[in-house]
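Quick notes on the structure that follows.
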Amino acid sequence: MFQTRRHAIAAALALCFSASAVFAQTAWPSHPVKLVVGFPAGSSPDLMARTIAEPLSQALGQPVVVENKVGAGGNIGADAVAKATDDHTLGLMINGNLTIAKILNPATTYDPLKDLQPVSLLAVSPLVLAVPAGTAASGKAFFDEARASGDKWNYGTPGVGTVAHLGMELLKGKAGMVPVHVPYPGNPQVITALIGGQIQMALLPPGLALTQVKAGKLKAIGVTSAGRSSVAPELPSLGEAGVQGLQLEIWNAVAAPVGLPKAHVQKLATLLAEIVRRPDIRQKILNQGWQVAGTSPEGLAKRIAVDTAAMSDVIQKNNIKAN
């Protein structure tokens, strides 16, 4: 009997050691997590990444290190995430990196719909339709004048294939106007052209537009979200100006390589949703010009599908190609 009991104890201990070994192998993360951003330090995605990095590190029990891999509108960073195989690399990305990158440029070296998986939509923001300060008094009057002006009016963007470009083409169709696209190197040049009257309209991020509006140099017609936004609650939606069916937002999201186990993805999504909804973090994100979302992987996947369909239609109808 003693021998039998000893064998039973030995078997139980072996089972415990085996379970501990399995746990050690499956515990995640087991070392620092890399959060790749495809934009330079100080950019909006970089600020978002650094806002969530410390609280996410605390929640995971491992350092979260922000790494900037800059270029191609964020696609170089997205490609690095898509090709990562270490189970400890994530990416903070914008709309285009997760939706239309391959459609705009077939030479893009990753496929956002095949090589990346959604984790969480962190925050969204509308764009502001900005115009020169002396423009028509109301949104309705502005669109009436824009339609009457035909192709004599121009609009500016920070480049072909940007959200501002695709968004304006979408707006043109819904508003029944036909201003001509004038691409610039970046939004600073777009703002200068607006103030100088070389162009008549542009879609700008709220943080850039509202600074100029408050200084009296530009006027805001409205925001591109379906309704008013907490980012700029004083501004009407373009729907209030008579443009129906428009919903266009820029967003930041976290994505992972397609091979990251679903359990890790779900863990990350839950933690990120909790983090961005914390009052202190929510306020930091609002101060950066964003409205908190904090979705599940399924919520981000749905947003990717909707935006991809809408923007793909605009790209194909207008034969837009980005280099």
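Taken as a whole, the condition of being of a type in the set (K, R) and surrounded by fewer than 17 Cβ atoms within 10 Å (Cβ to Cβ) does not apply to K34.
Residues that are surrounded by fewer than 18 Cβ atoms within 10 Å (Cβ to Cβ) and among the charged types (D, E, K, R) within segment 70-87 comprise K83, D86, D87, listed in sequence order. Is there any pair with a first residue in segment 198-221 that is under 16 Å from Q288 (Cα atoms) and in contact (Cβ under 8 Å) with a residue 60 or more places away in the chain and a second that is part of a loop (DSSP other than H, G, I, E, B) and β-branched (V, I, T) whose Cβ atoms are under 8 Å apart and which are 6 or more apart or on different chains, and what are they? Matching pairs, first to second residue: P206/V231. Just one of (1) at pLDDT 95 or above; (2) within 17 Å of the chain's Cα centre (by Cα) fails for Q283. It is (2).
Checking each residue in segment 65-87 for being of a type outside the set (A, V, I, L, M, F, W, C) and either without any contact (Cβ under 8 Å) to a residue 60 or more places away in the chain or not assigned by TED's automatic domain parsing to the domain that holds Q117 (or both) picks out E67, N68, K69, G71, G74, N75, G77, D79, D86. Just a yes or no: is a residue in segment 228-245 touching a residue at least 60 places away in the same chain (Cβ under 8 Å), among the acidic types (D, E) and closer than 30 Å to T270 by Cβ? No, segment 228-245 contains no residue that is touching a residue at least 60 places away in the same chain (Cβ under 8 Å), among the acidic types (D, E) and closer than 30 Å to T270 by Cβ.
Taken residue by residue, segment 293-302 has at least one member that is closer than 19 Å to D46 by Cβ, under 17 Å from the mean Cα position of the chain (by Cα) and either hydrophobic (A, V, I, L, M, F, W, C) or crowded, with 21+ Cβ neighbours inside 10 Å (or both). Would you mind stating whether G245 is farther than 26 Å from M93 by Cβ and touching an Asp or Glu at 6+ places or on another chain (Cβ under 9 Å)? Judged against the criteria, G245 is not a match.
When you scan segment 179-197, do you find a residue that is among the polar types (S, T, N, Q) and closer than 28 Å to A78 by Cα, even just one? Looking through segment 179-197, at least one residue is among the polar types (S, T, N, Q) and closer than 28 Å to A78 by Cα.
Are any of the residues in segment 139-152 over 25 Å from S296 (Cα atoms), in contact with a strand residue (DSSP E or B) (Cβ under 6 Å, 6 or more places away or on another chain) and aliphatic (A, V, I, L, M)? Within segment 139-152 (the criterion being over 25 Å from S296 (Cα atoms), in contact with a strand residue (DSSP E or B) (Cβ under 6 Å, 6 or more places away or on another chain) and aliphatic (A, V, I, L, M)), the answer is no, since none of the residues qualifies. It is to be established whether one or more residues within segment 43-63 are part of a loop (DSSP other than H, G, I, E, B), modelled with pLDDT under 95 and in the same structural domain as R282 (by TED's automatic domain parsing). Scanning segment 43-63, I find at least one residue that is part of a loop (DSSP other than H, G, I, E, B), modelled with pLDDT under 95 and in the same structural domain as R282 (by TED's automatic domain parsing), so the answer is yes.
Within segment 172-197, the set of residues being touching a residue at least 24 places away in the same chain (Cβ under 8 Å) and charged (D, E, K, R) comprises just one member, K174. A count restricted to segment 169-192 and to residues that are touching a Gly at 6+ places or on another chain (Cβ under 8 Å) and of a type in the set (S, T, Y) stands at 1.
Kindly indicate which of V190, V160, V182 is touching a strand residue (DSSP E or B) at 6+ places or on another chain (Cβ under 9 Å) and buried (at least 19 other Cβ atoms within 10 Å of the Cβ).
V190
Flag not set for S312, criterion: surrounded by fewer than 15 Cβ atoms within 10 Å (Cβ to Cβ), of a type in the set (S, T, Y) and within 18 Å of the chain's Cα centre (by Cα).
The values are calculated or read from the model by the stated rules, or taken from the named source; none is laboratory data. What you see is a predicted model; the values in this text were computed from it and never measured. In this analysis, Cβ positions are derived from the backbone assuming ideal geometry, glycine residues included, and neighbour counts consider all displayed protein chains.
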